[in-house]
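Coordinate-derived values only; no laboratory data. All figures in this text were calculated on a predicted structure; none of them were measured in a lab. Using ideal geometry, Cβ is built from the backbone for each residue, glycine included, and neighbour counts are taken over all protein chains shown.
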Amino acid sequence: MRLLNFCVLAMLVFAAAYVYEIKFESTLRAERIAKMRGDIRRERDAVAALRAEWATLENPARIQGLVRRHLPLGPTHPAQFDSLDRLPERALQIVQPPPDEIATMFENPDDVDPTGSVPEEGPPTGTLPGRDD
């Protein structure tokens, strides 16, 4: 009877240790999740701030003010454009195509091994490659 009580007591101690380990791991994971949620919140805030800054930077009124202040541009006039027929012609350049390797193989069939897997001279008859009988 004492042996049975001792076994039950040992099992209770092991069960309590196992439950404590599970609780400790779940607490660590909950802390990691809370940290990740905080990181995600900070990143979302940073993205929102960058989007607001981008909207400010790409504001057309701001860009127009910068153009007027820094670039000596004026409005375009129809007289500034010319028709395409008044453009000078480009010099003719002849480009040679690369040599056709397949056509070369058909022109000189003796120089090319089409598969590369069959040697020109096979093994002697009566023997198999890789076997020494």
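With only Lys, Arg, Asp and Glu charged, each at its Cβ (+1 for the first two, -1 for the last two), find how big the charge dipole of region 2-70 is about the Cα centre; round to the nearest 20 debye.
So the dipole magnitude of region 2-70 works out to roughly 260 debye.
Please compute the Kirkwood hydrodynamic radius of region 2-70 from all pairs of different C-alpha atoms, in Å with one decimal.
Every distinct Cα pair counted, the radius reaches 17.5 Å.
What FRET efficiency comes out for ALA91 versus GLU58 if R0 is 41 angstrom and r is the Cβ-Cβ distance? Round to the nearest 0.05.
0.45
Mind jotting down the distance between the C-alpha centroids of region 53-105 and region 1-21, whole Å?
83 Å
Measure off 7 Å from each Cα along the Cα-to-Cβ vector at CYS7 and LYS35, then give the distance between these two points in nanometres to one decimal.
About 4.4 nm, to one decimal.
Per 0.36 nm of contour for each residue apart, how much would the distance between GLU25 and LEU84 grow if the chain were fully extended, relative to their Cα-Cα spacing?
Answer, rounded to one decimal: 13.7 nm.
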